Amino acid sequence: MCARKSKGTTVKQIGQEVAPEIAYVKFWRVFREQTGLKARPEQVTLRLHHKPAEKTQVDFCDGVFITEPHSGKKTLTQFFLGVLPFSSYSFGEFVLDQKLPTFIGVQQRMFAYFGGVTPYLVVDNLKSGVHKADLYDPDVNPTYCDFANHMGFAVLPARPYKPRDKGSGETHIGVVQRGFFQEVRNRVFYSLEELNEAWHHYLERLNHQVMKDYGVSRAQRFEEEKKQLKALPLSPFELSEWRRAKVHPDCHVQVEKNFYSVPFVYVGQQVRVRLTEKLVEVFSEDSQPLSAHSRLTGIGKFSTYDSHYPEQKLSVARFEVHHAKEQAQKLGPHVEQLVDKLLSTDYPLRHLRRVQGIVRLAKRHPITVEALDHACQRALSFNKTRLSYIKDCALFFVTYGQRPTLLTPTREQGAVHLHHQLVLAPCVESDKVMTDEEEIL
């Protein structure tokens with residue numbers, strides 16, 4: 001009998017096609033005798049001989065539910081496991097997610113538990129570790145690559161859909177699921193700390209339990225392996241984030257609504273940006289460092305190095321700054337004061353275009369020099385230096401003149417007033433800044 005069973009094909013279907021006159025049960029027995037004893041090449045495995053302190057295998061699986069005490073809401077945890085294949089010495093921890101900060105943090109605690117680092121770490125193809133999985137050339141997550149360089153190990157992504165590439169990790173996941181998961185199946189945990197405390201008690205029993213194949217415990221085999229582990233780094237790892245950005249024509253890249261300068265030759269190109277808690281570093285596509293800046297807080301701020309601009313552009317810009325100050329002197333004291341305030345920062349080119357717009361308002365009909373000076377006075381008083389605000393104030397002055405103020409009428413002695421009435425009076429020219437109660441907003 002010659003029959004070939006492919007994926008998804010049932011024995012019953014093969015029997016109907018090859019020997020429909022034979023009963024299904026009889027055909028099934030004959031079919032199993034002919035095909036069941038022959039192993040396919042893909043079923044054959046090789047026994048791996050692991051060297052001491054050579055690799056660490058890590059993996060994730062679904063964990064145990066924790067219950068919120070007040071609402072009763074249940075949250076499924078994630079279980080992380082790391083194992084040294086030579087000794088089978090294991091570390092594990094229950095966490096809430098598999099995100100990058102969690103993934104890196106739990107591995108830091110794993111290596112601290114082991115007391116050292118192995119040269120290689122075999123990781124599954126989760127996004128926190130592997131940016132793009134590939135059979136031959138996988139792309140490791142840049143931040144995780146930084147962590148690996150800091151700790152001193154190389155990342156070995158497992159092949160997609162090949163769980164035997166991390167066989168020790170998969171095996172010990174099964175051990176934990178058949179052991180600890182079954183021990184606590186009737187318990188209710190109300191916090192992650194409570195769950196991990198119970199797990200740590202089980203982990204100590206697991207590592208000190210005698211293994212049948214070796215006659216010694218995992219902890220005993222680990223004592224020899226621990227001597228060959230690489231030392232832990234002295235400084236803690238600083239978590240970073242990698243992004244991509246395009247260099248604007250003004251030689252800046254935008255990162256979280258702030259701007260950082262790079263050399264002008266990279267205008268229009270894509271660059272890589274590395275963000276840490278206090279630093280912003282910019283790299284070219286081939287990982288060449290371009291610039292480094294202190295990380296800015298807030299919105300719309302600039303960090304600029306003049307050396308990143310072409311020299312001829314700097315010369316023109318410096319001339320334009322000087323010219324703008326000269327023009328402001330001719331337009332009034334408040335215009336001059338506002339322009340000096342905007343251009344007196346460490347980076348005068350930051351507000352040059354705004355200053356040019358303010359100065360040119362006087363040339364636009366119907367705004368007059370007097371209206372522009374009045375608008376700059378109000379901008380200084382209320383610290384509103386945006387061009388749109390100054391323009392609106394100047395147009396209002398041209399249309400309505402000086403803003404009126406509220407005056408309370410005097411009361412005659414003995415007079416009874418049923419309502420407190422207010423009358424409008426023209427504003428008296430004064431250098432005193434009006435308060436909010438005196439001004440109609």
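The values are calculated or read from the model by the stated rules, or taken from the named source; none is laboratory data. The shown structure was predicted, so the numbers you read here are calculated from the model rather than taken from an experiment. Every residue, glycine as well, gets a Cβ built from its backbone with ideal geometry; the counts of neighbours run over all protein chains shown. Heavy atoms of the whole protein, side chains included, go into the accessibility calculation; ligands, DNA and RNA do not. Shrake-Rupley method; radii C 1.70, N 1.55, O 1.52, S 1.80 Å.
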> Tally Lys/Arg at +1 and Asp/Glu at -1 over every other residue whose Cβ is under 10 Å from the Cβ of Tyr266; what's the total?
Replying inline: 0
>> Give the residue list of GluC sites (Glu not before Pro) in the range 261-369 that are DSSP loop and have at most 16 other beta-carbon atoms within 10 angstrom.
In response: Glu277, Glu285
> With a sphere of radius 13 Å drawn around the Cβ of Phe60, what net charge do the other residues whose Cβ falls strictly inside it have (Lys, Arg +1; Asp, Glu -1)?
Replying inline: -3
>> Students often check this: by mean Cβ neighbours within 10 Å, which of 380-388, 69-77 ranks highest, and how do the rest follow?
In response: 380-388, 69-77
> Which value, in debye to the nearest 20, describes the size of the charge dipole of the range 244-335 about its Cα centre when Lys and Arg Cβ atoms bear +1, Asp and Glu Cβ atoms bear -1, and nothing else is charged?
Replying inline: 260
>> How would the chain be classified by its alpha-carbon gyration tensor: rounded, prolate or oblate, with rounded meaning a/c under 1.5 and the a/b versus b/c comparison settling the rest?
In response: prolate
> Among the lysines, which fall within straight-line cross-link reach of Lys74, defined as a Cα-Cα distance under 24 Å, with same-chain neighbours fewer than 8 residues apart omitted?
Replying inline: Lys99
> Going through the range 263-307, which trypsin sites (Lys or Arg not before Pro) have at most 13 other Cβ atoms within 10 Å and a DSSP loop state?
Replying inline: Lys278, Lys301
> For the range 103-184, what class follows from the C-alpha gyration tensor (a ≥ b ≥ c being the square roots of its eigenvalues): rounded when a/c is under 1.5, otherwise prolate if a/b is larger than b/c, else oblate?
Replying inline: oblate
>> Taking all protein chains in place and a 1.4 Å probe, what share, in percent, of the accessible surface of the chain do carbon and sulfur account for?
In response: 52
> Is it possible to state the helix-based mean residue ellipticity at 222 nm for the chain, with each DSSP H run of 4+ residues giving -39500 (n - 2.57), the sum divided by total residues, to the nearest 500 deg cm²/dmol? What is it?
Replying inline: -11000 deg cm²/dmol
>> Is the C-alpha gyration tensor of the range 298-403 telling us rounded, prolate or oblate? Criteria: a/c under 1.5 is rounded; beyond that, a/b larger than b/c is prolate, otherwise oblate.
In response: prolate
> Counting Lys +1, Arg +1, Asp -1, Glu -1, what net charge surrounds Tyr190 among other residues with beta carbon under 14 Å of its beta carbon?
Replying inline: -1
>> Under 13 Å between alpha carbons, and skipping anything fewer than 8 positions from Lys301 in its own chain: which aspartates and glutamates qualify?
In response: Glu256, Asp346
> Just going by the charge dipole of the chain, with Lys and Arg at +1 and Asp and Glu at -1 on Cβ, which of Gln57, Val11, Ile390 is farthest out on the positive end?
Replying inline: Val11
>> Going by Cα centres, the range 257-290 and the range 382-396 are how many Å apart?
In response: 35
> Averaged per residue, what accessible area in Å² does the chain show with a 1.4 Å probe, protein chains only?
Replying inline: 63
>> I'd like the distance separating the alpha-carbon centroids of the range 182-205 and the range 223-255, in whole Å.
In response: 33
> Given the pairs Lys166/Lys230; Lys257/Lys278; Lys363/Lys384; Lys257/Lys325; Lys55/Lys227, which span a C-alpha to C-alpha distance of over 19 angstrom in this model?
Replying inline: Lys166/Lys230; Lys363/Lys384; Lys257/Lys325
> Just in the range 95-179: which chymotrypsin sites (Phe, Trp or Tyr not before Pro) are loop by DSSP and have at most 14 other Cβ atoms within 10 Å?
Replying inline: Tyr136, Tyr161
> Which of the lysines could be linked to Lys12 by a straight reach, that is with a Cα gap under 30 Å, when you skip same-chain ones fewer than 8 residues away?
Replying inline: Lys26, Lys38
